Amino acid sequence: MATGDFYITTPIYYVNDKPHIGHAYCTILADAMTRYHALLGHETFFLTGTDEHGQKVQEAAQQRGISPQQHVDEMHVAFKALWPELQIRNDDFVRTTQQRHVDVVRHFLQQLYDAGEIYADDYEGWYSVKDEVFLTDKEVADGKSIQTGAEVTRITERNYFFRMSKYADQLRAHIEDNPTFIQPEHRANEVLGFLDKGLGDLCISRPKARLSWGIELPFDDDYVTYVWFDALINYISAIGVLSEPAHFRRWWAASHHLIGKDILTTHSVYWTTMLLALGIPLPRHIIATGWWLQDKQKMSKRSGKAISPLGMKDVYGTDVLRYFLLRDMVIGLDSNFSEEALVRRNNADLANDLGNLARRVGGLVHKWFEGRVPDPGPPTEAEAEIVALAEGLVASLPGWLRELKVHTAIEETMQLVRRLNKYITETEPYRTVKTDIQAAGRSLYTALEGLRFAAWLLSPVMPSKCDALLQAIGASGTIGTLSDLSWGGLTPGAPLEKGAALFPRRDAPKAEPDSGPPEADSKPKKKAKTSKKVALETPEVIEFAEFMRVDLRVATVIEAVAVEGSDRLLRLQLDLGGVQRQVVAGIAKHFAPADLIAQQVTVAFNLAPRKIFGLESQGMVLAVDTPGGDLALLRPTAPVAPGTRVS
Ligand code: ME8
């Protein structure tokens, strides 16, 4: 393979229902990976498409009272039209009902039949209509598939079989000799475990009497082929395995199959043994992603939990949705999907860090430098550190991509953004501009240039927002390859475009639709814990002045009584040195009122008063959860005069 080629495929999606967030994720990830490789200067080819045959599609058409062909012609459009809206730039879209694909499937079926790799036999066993697979006794319990829970029925019929068992050892050797063939590694072990159980032959036909919607076997017109035998071939039919051999060889040598973990066996065992029998090299990599979960369940059309990706896109914008999906999922692991988490990401990373930096810096340039990129002048040590950080990101990117660490590539880029925010706070161009215009210009130039690096490196994730960001910082031209990205590329004097805020803050969504009734005591506590954890990863940076607006004081408890009707609340009377305050605190489960008398506590003094259980609470006592599930009060280690301000 030319080292600079990258061919990526997504699963081709069933058209028995509309696209959902799982489809959107896999396709967005493939798109972002393609764009990252393009940034590295690689030639790329990105294939997606639709899986249009099989029992599920036939049933969906029947339910609608239309022909399967009409159904698939209508349904595939939902996928095809969605991808551009999600800024997905696939090079081809394959449909398994296309003649170019059908011809290839029939050709290979005939080839395998002629070579004796396919034979007829009577089959008696379990069949799952839902998963469209035959199952062995070991894979069934209580009339259900152990793996998927789908109902199974016992059937006996004459069918055609592919000699899959013959290739088990060859496949095992390939997996063992190529540690990055199936990724992540634990999925390769899963496949080896599957092979250890003994590999049978694969039934690759369905009698037309039972299922007519499929590709007819070229050697027996009473049968159509099994939908997986048909679908898997899309990866090579679309790149011209028969019609354009040179094109095929080039891209196939660089092939990456991105799939969900639910279809690992079909890809790593069925597909690979089919290829071995056909004498076609195996794909270079099979990459299995985890699932987006909601309430611990896979989100998909089948579970009825699907959140429309279009819905999220319309509320928050495609770029924000893409950012959330790619930043919050570690490739290979499961992740939880919630609108709340998406808004948190938007506010912390995009509005607060990236958007805020662009706004601060842009505002100063417009105010003091006539809206033009300032002259950087000679750099100092502080700038050198930032240049090293930005250039380090560029150098690390190929490694992160190789290791499938898209979330790391994003996070490290955001660390640069956070560093730039800090740098602006440290170098104070808003102050130095009045005394040392050159120093102010240098700070602002450094921040703009850092933002340019961030825009390039985040462009595979948020293509249109990064374009807008480049305009806003006076960077002209389009994003090319990273070899064109070197520090100092911004031209002094270039105009910055004024525009609307790039990443507006969003309100936290109202209660999640599926979150169930709130439990009086445990719910708020749990929530507080999660939000603390997330905040540690992506702290919402605030200015010192903002922090100083919170008036924290040490107070002495002079009265503590249980609030009637609540087992959680205590009413505390606090002395702040001449001033008294009443605070209602949710600490009754951890402290006896008598033990609190004369204790010192820290209180947020200037909080707006709130009514809690009908009582006015004029502040908040600070406490922290202990690992044992208790609560500890935050207070000075030596006694101080009540009312002393914390600083
Ligand atoms: O299986 N989280 O099609 P399909 C993440 N036609 N990804 C998810 C997901 C979730 N909750 N739910 C689905 C098929 N996916 C076959 C494929 S390929 C030759 C044939 C993604 O419409 C994931 O990638 O059921 C999964 O493998 C794919 O959607 C299945 O889509």
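The values are calculated or read from the model by the stated rules, or taken from the named source; none is laboratory data. Keep in mind it's a predicted model, so treat the numbers as computed, not measured. In this analysis, Cβ positions are derived from the backbone assuming ideal geometry, glycine residues included, and neighbour counts consider all displayed protein chains. Surface areas here come from the heavy atoms of the whole protein model, side chains and all, with no ligands, DNA or RNA. Shrake-Rupley method; radii C 1.70, N 1.55, O 1.52, S 1.80 Å.
Observations on the model:
- Cα-based radius of gyration for the stretch 338-484, normalised by 2.2 N^0.38 Å, reads 1.05.
- Here the contact order of the chain, divided by its residue count and restricted to Cα pairs under 8 Å and six or more residues apart, works out to 11 percent.
- Extension reserve of the Arg549-Arg163 stretch, reckoned as 0.36 nm per residue once the Cα distance is removed: 131.6 nm
- The stretch 361-376 versus the stretch 112-146: alpha-carbon centroid distance in Å: 69
- 3J(HN,Hα) couplings calculated from phi for the stretch 26-40 with the Karplus curve 6.51 cos²θ - 1.76 cosθ + 1.60 (θ = phi - 60°) are, in sequence order, 4, 6, 5, 4, 4, 5, 5, 5, 4, 5, 4, 5, 4, 4, 6 Hz; Gly and Pro show x.
- The chain: radius of gyration and largest Cα-Cα distance (Dmax), Å: 30.5, 99
- Taken one residue at a time, the phi angles of the stretch 185-197 give Karplus couplings (6.51, -1.76, 1.60, θ = phi - 60°) of 3, 5, 6, 5, 5, 4, 5, 4, x, 4, 5, 4, 6 Hz. Gly and Pro are set to x.
- The separation of the stretch 149-175 from the stretch 583-629, counted between C-alpha centres, amounts to 64 Å.
- Put simply, when 576-589, 409-422 are sorted by average Cβ atoms within 10 angstrom per residue, most first, you get 409-422, 576-589.
- Take 590-601, 635-646 and order them by the average number of nearby Cβ atoms within 10 Å per residue, most first; the result is 590-601, 635-646.
- When the pairs Lys367/Lys498; Lys367/Lys434; Lys138/Lys296; Lys18/Lys56; Lys56/Lys130 are compared against a 18 Å limit on Cα-Cα distance, Lys138/Lys296 fall above it.
- Full-extension gain in nm, Lys498 to Glu411, via 0.36 nm per residue minus C-alpha separation: 28.6 nm
- Modelled spin-label separation between Ile280 and Gln170, with each label point placed 7 Å from Cα along the Cα-to-Cβ direction: 1.4 nm.
- Averaging the Cα positions of each part gives two centres, and for the stretch 23-88 and the stretch 401-477 these lie 35 Å apart.
- Projecting label points 7 angstrom from Cα along Cα→Cβ for Leu242 and Thr435 puts them 7.9 nm apart.
- Taking every DSSP beta bridge that has both ends in the chain, the antiparallel portion is near 70%.
- For the stretch 430-506, the set of trypsin sites (Lys or Arg not before Pro) satisfying both a DSSP loop assignment and a count of at most 11 other C-beta atoms within 10 Å is given as Lys434, Lys498.
- Distance distribution P(r), the stretch 544-633, all Cα-Cα pairs, bin width 10 angstrom from 0: 17, 50, 29, 5, 0 percent.
- For the stretch 241-378, a crude dipole built from +1 on the beta carbon of Lys and Arg and -1 on the beta carbon of Asp and Glu, taken about the Cα centre, is about 200 debye to the nearest 20.
- Surface per residue (accessible, 1.4 Å probe) for the chain, Å²: 45
- Given R0 = 35 Å, the distance between the Cβ atoms of Ala562 and Asn336 translates into a calculated FRET efficiency of 0.40.
- Average projection, convex hull of the Cα set of the stretch 347-416: 5.9 square nanometres.
- Compactness ratio for the stretch 216-279: Cα radius of gyration over 2.2 N^0.38 Å (N = residue count) comes to 1.23.
- Distance between the 7 Å Cα→Cβ label points at Thr380 and Asp137: 8.1 nm.
- Two-site FRET efficiency, Phe219 against Val129, from Cβ-Cβ distance with R₀ of 30 Å, rounded to 0.05: 0.70
- Amide H contacts under 5 Å for Glu497, placed H, 5+ residues apart: Ala472, Ile473, Gly474
- What a 1.4 Å probe finds exposed on the chain is 52% carbon and sulfur by accessible area, rounded to a whole percent.
- Percentage of interatomic Cα-Cα distances in the stretch 1-153 larger than 18 Å: 70
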